[in-house]
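For reference, the structure is listed below as structure tokens.
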Amino acid sequence: MTLEQWLKQSATELTKADTGSAQLDCLILLEDCMQKDRAWLLAHGEAKLNSSQLKRLGKQIERRKLHEPLAYIRGFTEFYGRNFKINQHVLEPRPESETMIELLKKLPLPAHPKIADIGTGSGAIGITAALETHGSTVDLYDIDSHCLAVARHNAVMHELHLHAYKRDLLNRPVQPYDALLANLPYVPDHWKINEAAAMEPRIAIFGGKDGLDLYRRFFNQLEKIDQKPKFVLTESLPPQHKELAKIAADSGCKLLQSEDFIQVFGN
């Protein structure tokens, strides 16, 4: 079977399964399999797939037809231009979270800032922060040991020696920090999510009736810390920003900036 024939057949199968991005999904899987970029694949549609390639791709298409997230099928995803290992224990990092890194880089941090990524999951945000902020020390916090295992793997993959701690949000911080990155679950419990997201860990998605329960606990913990961070960056749905700003204000944090899904608070 040629590349062109496989793409057409597989995209038709995924379209019938209502995956939502059939052609793109097929191209991504084919890129992985062939180790060629998209331009090459589209320019060489007459090239043929061998039996082992067809078998591998066939299994992947069957998984995608069941709406399994593409990142789980591939075993990795891209965040801020870098690859990160992903499995069923962690939420796939979303493109909107990249704004958190952009805003962090613009903050007036000290020469060697201490940063913590709260609810790190795959570690993508914290690891990216470490790579993008010169001279920083970044700690990774998560309540799930499976997530911490993935985060540690990703840190090593990016040649970083980061400490990862099993913690319930900000409970028992190991040291004072200059900035906290908190991309906590914020989807309201009643919201309908797509079938792919429904295969990701619910604990990493839903945040209570209005989606902000985890942030209430987080800011309550923050209020009790003696040496507070200068900056706290959060992610939530834009319609939640007003209420989240109130929650933060009750704990002594002032809203400094909002951009897309991200808010920056200061003490």
**Asked** For segment 126-156, which residues satisfy the criterion of being within 14 Å of the chain's Cα centre (by Cα) and either of a type in the set (Lys, Arg) or assigned to a helix (DSSP H, G or I) (or both)?
**Response** 126, 127, 128, 129, 147, 148, 150, 151, 154
**Request:** Consider residue 176 carefully, then state whether it is touching a residue at least 60 places away in the same chain (Cβ under 8 Å) and assigned to a loop (DSSP other than H, G, I, E, B).
**Result:** yes
**Item:** Filtered residues of segment 198-236 (kept if surrounded by fewer than 16 Cβ atoms within 10 Å (Cβ to Cβ), in contact with a Pro (Cβ under 9 Å, 6 or more places away or on another chain) and closer than 23 Å to residue 71 by Cβ)
**Value:** 199, 202, 203
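For every residue, the table says whether it meets (1) farther than 20 Å from residue 82 by Cβ; (2) out of contact with any helix residue (DSSP H, G or I) (no Cβ under 6 Å at 6 or more places or on another chain).
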| site | (1), (2) |
| --- | --- |
| 96 | no, yes |
| 114 | yes, yes |
| 118 | yes, yes |
| 130 | no, yes |
| 148 | no, yes |
| 159 | no, yes |
| 184 | yes, no |
| 199 | yes, yes |
**Request:** Restrict the check to segment 239-255 and report whether at least one residue is assigned to a strand (DSSP E or B) and over 20 Å from residue 205 (Cα atoms).
**Result:** yes
**Asked** Does any residue of segment 47-55 turn out to be hydroxyl-bearing (Ser, Thr, Tyr) and either at pLDDT below 95 or over 16 Å from the mean Cα position of the chain (by Cα) (or both)?
**Response** yes
**Complete:** Picking from 247, 205, the residue that is over 16 Å from residue 107 (Cβ atoms) and touching a Phe, Trp or Tyr at 6+ places or on another chain (Cβ under 6 Å) would be 247
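The values are calculated or read from the model by the stated rules, or taken from the named source; none is laboratory data. Please read these numbers as outputs of a predicted model, since none were measured by experiment. Counting neighbours? That spans all protein chains shown, and the Cβs are built from the backbone with ideal geometry, glycine included.
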